[in-house]
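Just so you know, all these numbers are worked out from the coordinates, no wet-lab data involved. Remember, it's a predicted structure, so these values are computed and weren't measured experimentally. In this analysis, Cβ positions are derived from the backbone assuming ideal geometry, glycine residues included, and neighbour counts consider all displayed protein chains.
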Amino acid sequence: MTAKAYLSISPDVKKALADGKPVVALESTIITHGMPYPQNLEMAKKVEGIVREHSAVPATIAIMDGRFCVGVSGEDLERLALEGLKAAKASRRDVSALLVQGVIAGTTVATTMQIAALAGIHVFATGGIGGVHRGAEETFDISADLQELGRTPVAVVCAGAKSILDIAKTLEVLETNGVPVLGYGTDQFPAFWARESGHKVDHRFDAAEDIAKIVALQIDLGLGGVLVANPIPEEDALDPAAIEARIAEAIAGAEAEGVSRKELTPFLLKRIFELTGGKSLQSNIALVENNAKVAAHIAVSLAGRMPGKPAARRA
Ligand code: PSU
Ligand code: MN
């Protein structure tokens, strides 16, 4: 059985791909492990609406009952959101086992990229990527997202990386893996809740069209993904010093409780949500919406660059 036999693409996404129309992939670990219910479901629906408002077709990706689902909606989306932390968290190494087990799983940035590429989708919006955790020199905790970005030709639009991570080391590993880090309207790599991290991006671009050209080149050259760093809107950003203090508290809590490995990111997100009285969640939702809009612009431009070359035939 080939991998494509596990692929279920919703009719609207299938049609868009066949017609060479713009499609934006959306991840689902953010739904299962990144936000509480019901805000996760509301966010997922709202973000899909934003992609549509900007003339692209949204494709939420998850593993549902042992299948790669591209375009999860309706009851399935609700089931995924309700399942929350009870669902599996599928990173690259989990995928084959989860398909065989026939379970439900949220897909991380790494696996969403993998499945998007399998379906012929090259643009993807998320909140923040996984990266090198603070203290990785001891724990070796480096997200598989960074490897996937090095090998799979999908543009990932994010608001940078949370400073629960070591941003300098994350940027080093992205460089090692050959991942272009592009600032969208910024010279700085953003730090998720804050617009600036103190670290520069490799290249700044102010037009979605230029980013689409780069994605098309990466595909043609047989290179990997592109990280598009899009800062949180000014009005939704949190005070850097205040959020830094909450992050330090959350990390100390994780150490005290011995939380590590794949549980670490969800634990920290939940703790920071509690410590900020929900403010971190509001900002998180706002930045995902902002990323969805930029991803739609890139997808529209990319679709225009590949006329007569529908994704379904390219795959
Ligand atoms: N960072 C966030 N929010 C998230 C995640 C990361 O700010 O929801 C999720 C994404 O799905 C990402 C995954 O791909 O966590 C990374 O997990 P890990 O560090 O275990 O690879
Ligand atoms: Mn990890």
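Annotations for the structure displayed:
- Burial ordering of Met64, Met113, Met306, fewest other beta-carbon atoms within 10 Å first: Met306, Met64, Met113
- Residue of Val132, Val173, Val157 that the Gaussian network model of the chain assigns the largest fluctuation, springs spanning Cα pairs under 10 Å: Val173
- Ordering of 99-110, 207-218, 286-297, 225-236 by packing [mean C-beta count within 10 Å, highest first]: 286-297, 99-110, 225-236, 207-218
- Exposure proxy ranking for Arg246, Arg93, based on other Cβ atoms within 10 angstrom of each Cβ and starting from the fewest, stands as Arg93, Arg246.
- Pairs of Cα atoms nearer than 8 Å and 6+ residues apart set the relative contact order; for the range 181-310 it is 29 percent.
- Packing-based order for 119-125, 33-39, using average beta carbon neighbours within 10 Å, highest first: 119-125, 33-39
- Helical segments meeting 30 Å axial Cα length and Kyte-Doolittle 1.0 threshold in the chain (DSSP H): none
- Restraint check, Lys213/Lys293; Lys162/Lys213; Lys21/Lys86; Lys46/Lys86, Cα-Cα greater than 25 Å: Lys162/Lys213; Lys21/Lys86
- Of all DSSP bridge pairs formed entirely within the range 52-157, close to 55 percent run antiparallel.
- Computed magnitude of the charge dipole of the range 1-88 (debye, nearest 20; Cβ of K, R +1, Cβ of D, E -1): 220
- Here the chain has an Rg and Dmax of 17.9, 57 Å, counting Cα atoms alone.
- Rel. contact order, % - alpha carbon contacts under 8 angstrom, at least six apart, the chain: 21
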